[in-house]
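Structure first, then comments.
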Amino acid sequence: MSARGMLSVVGTAVGGLIGWNDRTPPADAATLRALFADMGVMIGPDEAQLTEAVRYFQTRTGLDADGEAGPETVHLLVRYAAEARETHRFQAA
């Protein structure tokens, strides 16, 4: 197993210990675009734009800004998108 693969496994295990027990969706492009859209960030079909959006999100949230949507990045995207949806729900009421 590569070092990156081992870190991913360890990160997922640690995430379970610190409360990341929500089911994390796959990190496919369509899911990532939908999560960003929930936060009000529209990303076109260009993969470079998606990678840059992931990198920017990682930078803003204190993650290693590698542009890859690993488990920790996707978990935070899910959390932020859920909070944005909840905020929009309250604003609409």
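Values quoted throughout were computed directly from the atomic coordinates according to the rules given, and no laboratory measurement underlies them. The structure presented is a predicted model; accordingly, all values stated were derived computationally and were not measured. Every residue, glycine as well, gets a Cβ built from its backbone with ideal geometry; the counts of neighbours run over all protein chains shown.
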Surface/4 of the Cα convex hull for region 24-92, nm² | 4.4 nm²
So what are the ³J(HN,Hα) numbers for region 56-64, from phi and the Karplus equation (6.51, -1.76, 1.60; θ = phi - 60°), rounded to whole Hz, Gly and Pro as x?
-> 5, 4, 4, 4, 5, 9, x, 8, 5
Nitroxide proxy distance, nm - points 7 Å out along Cα→Cβ at Thr31 and Thr87 | 2.4 nm
Ranked by Cβ crowding within 10 angstrom, fewest neighbours first, how are Val54, Val74 ordered?
-> Val74, Val54
